[in-house]
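For reference, the structure discussed in these notes is given below.
Where a number appears in this text, it was derived from the coordinates with a stated rule and is not lab data. This is a predicted model, so every value here is computed, not measured. No Cβ is skipped: glycine too gets one built from the backbone with ideal geometry, and neighbour counts run over all protein chains shown.
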Amino acid sequence: MLFKNKVALITGGTSGIGEMTAIAFAREGSKVVVAGRRQEEGSAVVEKIRAMNEDALFVQADVSQEKDVQYLVSSAVKHYGRLDYAFNNAGIESQPAALADQSLERFDNIMAINVRGVFLSLKYEIPEILKSGGGAIVNTSSVAGLVGFAGVSPYIASKHAVIGLTRVAALDYAKQGIRVNAVAPGCIVTPMMERFTDGNTELNAQITAMHPMGRQGTPQEVAEAVIWLCSDKSSFVTGQWITMDGGFTAT
Ligand SMILES: NC(=O)c1ccc[n+]([C@@H]2O[C@H](COP(=O)([O-])OP(=O)(O)OC[C@H]3O[C@@H](n4cnc5c(N)ncnc54)[C@H](O)[C@@H]3O)[C@@H](O)[C@H]2O)c1
């Protein structure tokens, strides 16, 4: 077990990549704080972890709201006494439309969750991780944070911003024992992808074909990279991202 007696906080832990990563942290012996907006789904993830004889807590929080993030981090520390790792993963997708047809409301909403949410999470997690003597943070970017895709400008902007925040947070705390990295997944089979393709099998096949491996990824494949980035096995890695995209960005 890599994280015995440690505490990990995961935003967007109620489904998809966040849920699988919460379970992977528990497998490694960590106590897990599962954060999200949906009480029922969050409690279900906590139950899965307790069924593994590991410890978890659900805290309801909207990462775009400063008070919620403060409450989330303070609840984690109040309950478990420390914070060692964070996976800032909560995010929402764009609706496809050319830039001039994207609404300002949608742009602001995506930036509030995907960018302000990561900023606020970092802002309140870092002081607590410093008090624990250091640790590691992983933010969820995307291949959409590395290259452009037509039709999803707010999402592309938000995921590029996550790479920028990751680099600066890594530099700000490089000497203080906190490593900050990102994951940049290609298309991963989760509720988000299901919403995006909305039953359109042709669109789903097109998306799959963009990945040279000829398939989409699994949440477990992202979770394993997060575990590695938080573990001491990556002790000299900071300010970086790991792309898991079946070769998508190699083309
Ligand atoms: N699925 C993909 O293909 C893919 C690819 C690259 C990156 N990502 C990113 O991975 C992350 C996880 O997405 P997923 O694919 O697991 O989808 P998902 O929809 O299953 O998970 C997103 C999670 O974020 C939560 N969330 C959304 N808004 C929130 C808010 N304001 N406050 C707190 N929680 C909130 C949702 O409730 C959910 O638990 C997202 O940041 C997404 O952009 C996904």
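Annotation: average projected area of the stretch 16-58 is 2.4 square nanometres, based on the convex hull of Cα atoms across all directions. The sum of -39500 (n - 2.57) across all DSSP H runs of n ≥ 4, divided by the residue count of the chain, sets its helix-only mean residue ellipticity at 222 nm to -13500 deg cm²/dmol. For the stretch 156-240, a Kirkwood radius taken over Cα pairs fed into Stokes-Einstein (4 °C, viscosity 1.567 mPa s) yields D = 88 µm²/s.
Projected onto its three principal axes, the C-alpha set of the chain covers 48, 37, 34 Å, listed from the longest axis down. Net charge dipole, the stretch 143-251: roughly 340 debye, given to the nearest 20, about the Cα centre with Cβ charges of +1 for Lys and Arg and -1 for Asp and Glu. The trypsin sites (Lys or Arg not before Pro) of the stretch 151-244 that meet both conditions, a loop assignment by DSSP and at most 13 other Cβ atoms within 10 Å of the site Cβ, are Arg215.
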